[in-house]
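Here is the structure we will look at.
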Amino acid sequence: MKFIYYTDWKQLPESSSTLFAQAEKDSIFFSRQWFENLTTVAFDDLSTMLLACVVDDGKVLAILPLLKTEGNTGHALKPRYTTHYSRLLTQDNQQHVLACMAEGLAQLPLKALLLEPVADDDARLNKFQQSLQAAGFNCEHVFRFYNWIYRVQGKSYAEYMEDR
């Protein structure tokens with residue numbers, strides 16, 4: 001098992017499609033098509049994409065899509081109005097995979113990682129934070145996630161609009 005990062009979608013092994021298909025079930029915002037489109041239309045030339053991965057025998061076990069900016073900060077690969085960000089991770093041997101990812105990230109010339117927005121109860125990233133701390137990162141979890149859903153409590157659209 002080893003950490004490797006890619007700077008182009010064409011470099012990513014075909015086996016990554018399994019992780020993207022699994023993550024896409026949770027949200028279209030975790031699909032490969034979404035991420036590829038972002039890198040094509042939403043970012044400037046001052047940023048570099050980093051697809052931080054854990055690979056074992058050609059099989060991609062984890063992907064953390066990042067954007068590296070001029071100040072050597074790794075940012076979540078997302079547009080401004082993304083509602084949620086997480087990492088893609090296999091179901092097998094997760095703690096070992098996360099430790100490998102964290103140790104690999106610690107070797108990169110990054111001064112900071114800013115992974116947002118993260119749901120407060122996202123167990124996928126909470127476990128990752130523990131691995132990052134074990135690899136020497138100082139982590140700060142700041143609540144800045146808001147779910148902008150209005151619960152209609154069984155009202156119809158007409159009733160909802162009438163209350164406005």
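The values are calculated or read from the model by the stated rules, or taken from the named source; none is laboratory data. Since the model is a prediction, treat every value here as computed from it, not as a measurement. A quick note on method: Cβ atoms are made from the backbone with ideal geometry, for glycine too, and the neighbour counts reach across all protein chains shown. Side chains are part of the model used for accessible areas, which takes the heavy atoms of the whole protein and leaves out ligands, DNA and RNA. Shrake-Rupley method; radii C 1.70, N 1.55, O 1.52, S 1.80 Å.
Taking the range 1-71, which trypsin sites (Lys or Arg not before Pro) meet the DSSP loop condition and have no more than 11 other C-beta atoms within 10 Å? Could the numbers behind the result be given before it?
Values: sites: LYS2, LYS10, LYS25, ARG32, LYS59, LYS68; in loops: LYS25.
Here the sparse-neighbourhood loop sites are LYS25.
Backbone N atoms of the range 49-70 closer than 16 Å to the 7 Å Cα→Cβ label point of GLN91 belong to residues 61-62.
How high is the relative contact order of the chain, in percent, counting Cα pairs under 8 Å that sit 6 or more residues apart?
Details: 228 pairs, mean separation 32.9, N = 164.
Reported as a whole number, the value is 20 percent.
Could you order ASP44, ASP121 by accessible surface area, starting with the largest, using a probe radius of 1.4 Å? Numbers along the way, then the final one.
Working: ASP44 90, ASP121 130 Å².
So, going from the largest accessible area down, we get ASP121, ASP44.
First compute the accessible area of the chain with a 1.4 Å probe, then give the percent of it belonging to carbon and sulfur atoms. Carbon plus sulfur share of accessible area: 49 percent. Under a 5 Å amide H cut-off, with hydrogens placed 1.01 Å from N, LEU113 pairs with GLY74 among residues at least 5 apart or on other chains. Of all aspartates and glutamates in the structure, the ones whose alpha carbon falls short of 16 Å from that of LYS111, not counting any fewer than 8 places away in one chain, are GLU70, GLU103, GLU140.
In the structure shown, do any of LYS2/LYS68; LYS78/LYS155; LYS25/LYS127; LYS25/LYS68; LYS25/LYS78 have a Cα-Cα gap over 24 Å, and if so which?
Values: LYS2/LYS68 21 Å; LYS78/LYS155 33 Å; LYS25/LYS127 21 Å; LYS25/LYS68 27 Å; LYS25/LYS78 18 Å.
Checking Cα-Cα distances, LYS78/LYS155; LYS25/LYS68 exceed 24 Å.
Computed over the alpha-carbon atoms, the range 7-58 gives an Rg to Rh ratio of 0.98, Rh here being the Kirkwood radius from the mean inverse distance. In summary, the convex hull built on the alpha carbon positions of the range 97-138 has an orientation-averaged projected area of 2.9 nm². The listed residues CYS139, CYS100, CYS53 rank as CYS139, CYS100, CYS53 when sorted by accessible area, largest first, using a 1.4 Å probe. Grouping the Cα pair distances of the chain into 10 Å bins from zero gives a pair-distance distribution of 9, 37, 34, 11, 7, 2 percent in increasing distance order.
Summary value for the range 20-73: 24 percent relative contact order, contacts being C-alpha pairs under 8 angstrom separated by 6+ residues.
With R₀ fixed at 25 Å, the C-beta to C-beta distance from ASP121 to THR18 puts the FRET efficiency at about 0.50.
Here the chain is scanned for chymotrypsin sites (Phe, Trp or Tyr not before Pro) in DSSP loops (not H, G, I, E, B) that have at most 14 other Cβ atoms within 10 Å, and the longest stretch holding none of them is 1-80.
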